[in-house]
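Chemist: First the structure, then my questions, so here it is.
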Amino acid sequence: MNSAKIKVLFFGNKNCSYSMGGYDFLQRLNLDVTGVWSKNRNEKIPKEIYSWKGDFIFSFQSYFLIPKKILDNAKISINIHPAPPNYPGSGGPNWAIYDEAKHYGCTAHIMNERIDNGAILKVKRFDVLPSDTIDSLLNRAKSNAIILFYEMAQDLFINGKTVDEFILENNHE
């Protein structure tokens with residue numbers, strides 16, 4: 001892929017330095033990046049975004065629930081989620097602490113019309129410490145999520161790895 005021609009729509013959280021870092025990284029890769037920023041749950045996506053068309057959509061720490069109409073405007077839509085597949089949703093750290101889980105992590109997956117439902121592209125796991133709290137676990141998941149984002153962006157846009165290759169490598173997830 002010629003990165004100068006790749007169009008990316010990036011959904012991020014305006015109050016998250018990791019979101020800002022992910023957006024900045026995509027720009028440094030010389031991609032044509034459009035950023036859409038949320039601050040709170042239940043915000044509406046700006047109307048002009050519905051007409052965007054391009055190659056990739058990334059969602060990183062965004063509060064937006066991205067409708068199928070927008071997802072259909074990209075060839076590939078990827079969410080980076082600060083929880084492993086066995087703890088989807090925003091309450092993942094709570095359940096991991098409650099279950100006394102040994103491992104936690106973050107997930108990159110294809111977005112579809114259902115929340116946290118698409119094919120898994122990559123999972124990054126780490127040990128849960130005996131002293132971890134809900135907040136510390138979530139903070140560590142977010143820190144690992146930005147690393148996962150950087151690794152995936154590098155693989156996709158520099159190393160030429162395909163989404164199908166990610167899916168095949170992680171079909172056990």
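The values are calculated or read from the model by the stated rules, or taken from the named source; none is laboratory data. Computed from a predicted model, the values in this text were never measured in an experiment. Here the Cβ is made from the backbone with ideal geometry for all residues, glycine too, and neighbour counts use every protein chain on show. Quick note on the areas: whole protein, heavy atoms, side chains included, nothing else; ligands and nucleic acids left out. Shrake-Rupley method; radii C 1.70, N 1.55, O 1.52, S 1.80 Å.
Chemist: How compact is the stretch 22-173 by the rule of thumb for globular proteins, expressed as Cα Rg over 2.2 N^0.38 Å?
Modeler: Numbers: Rg = 15.6 Å, N = 152, 2.2 N^0.38 = 14.8 Å.
So the stretch 22-173 has a normalised radius of gyration of 1.05.
Chemist: What's the ranking of 101-110, 160-169, 75-84 by average number of surrounding C-beta atoms within 10 Å, highest first?
Modeler: Working: 101-110: 20.7, 160-169: 13.5, 75-84: 22.3.
Taking the mean over residues of other Cβ atoms within 10 Å, the ranking is 75-84, 101-110, 160-169.
Chemist: So what is the 222 nm mean residue ellipticity for the chain from helices alone, if each DSSP H run of at least 4 adds -39500 (n - 2.57) and you divide by all residues, rounding to the nearest 500 deg cm²/dmol?
Modeler: On the way: 5 runs with 54 residues, N = 173.
When only DSSP H runs of four or more count, the value is -9500 deg cm²/dmol.
Chemist: Same structure, new question: Under a point-charge model restricted to the Cβ atoms of Lys and Arg (+1) and Asp and Glu (-1), what is the dipole moment magnitude of the chain relative to its Cα centre, in debye to the nearest 20?
Modeler: Working: 20 positive and 19 negative charges, 124 e Å.
Using Cβ point charges on Lys, Arg, Asp and Glu, the chain gives about 600 debye.
Chemist: Something else about it: What fraction of the DSSP beta bridges in the chain is antiparallel, stated in percent and rounded to the nearest 5?
Modeler: Details: 11 of 29 bridges.
Just about 40 percent of them are antiparallel.
Chemist: With the chain treated as a Gaussian network of Cα nodes joined by springs under 10 Å, which of Asp132, Asp72, Asp99 yields the largest mean-square fluctuation?
Modeler: Result: Asp99 has the largest fluctuation of those listed.
Chemist: Which percent of the accessible area of the chain is formed by carbon and sulfur heavy atoms (probe 1.4 angstrom)?
Modeler: On the way: 4590 of 9370 Å².
Of all accessible area on the chain, carbon and sulfur atoms account for 49 percent.
Chemist: Separate question: Please find the FRET efficiency linking Lys75 to Ile97, where r is the Cβ-Cβ separation and R0 is fixed at 30 Å, and quote it to the nearest 0.05. Display every interim value, and only then the final one.
Modeler: Details: r = 38 Å, r/R0 = 1.26.
Computed FRET efficiency for Lys75 and Ile97 comes out at 0.20.
Chemist: Give the aspartates and glutamates whose C-alpha is closer than 13 Å to that of Lys53, dropping any in the same chain fewer than 8 places away, or say none.
Modeler: Straight-distance partners of Lys53: Asp32, Asp72.
Chemist: Mind scanning Lys68/Lys122; Lys44/Lys142; Lys5/Lys39; Lys14/Lys161; Lys47/Lys161 and naming the pairs with a C-alpha gap bigger than 27 Å?
Modeler: On the way: Lys68/Lys122 22 Å; Lys44/Lys142 24 Å; Lys5/Lys39 29 Å; Lys14/Lys161 29 Å; Lys47/Lys161 33 Å.
Over 27 Å apart, Cα to Cα: Lys5/Lys39; Lys14/Lys161; Lys47/Lys161.
Chemist: How charged is the neighbourhood of Asn159? Take every other residue with its Cβ under 14 Å from the Cβ of Asn159, and add Lys/Arg as +1 and Asp/Glu as -1.
Modeler: Values: positive: Lys122, Lys161; negative: Glu151, Asp155, Glu165, Glu169.
The answer is -2.
Chemist: On to the next question. Ranked highest first by the average count of other Cβ atoms within 10 Å around their residues, in what order do 63-71, 140-148 fall?
Modeler: On the way: 63-71: 16.2, 140-148: 19.4.
Ranked from most to least packed, the peptides come out as 140-148, 63-71.
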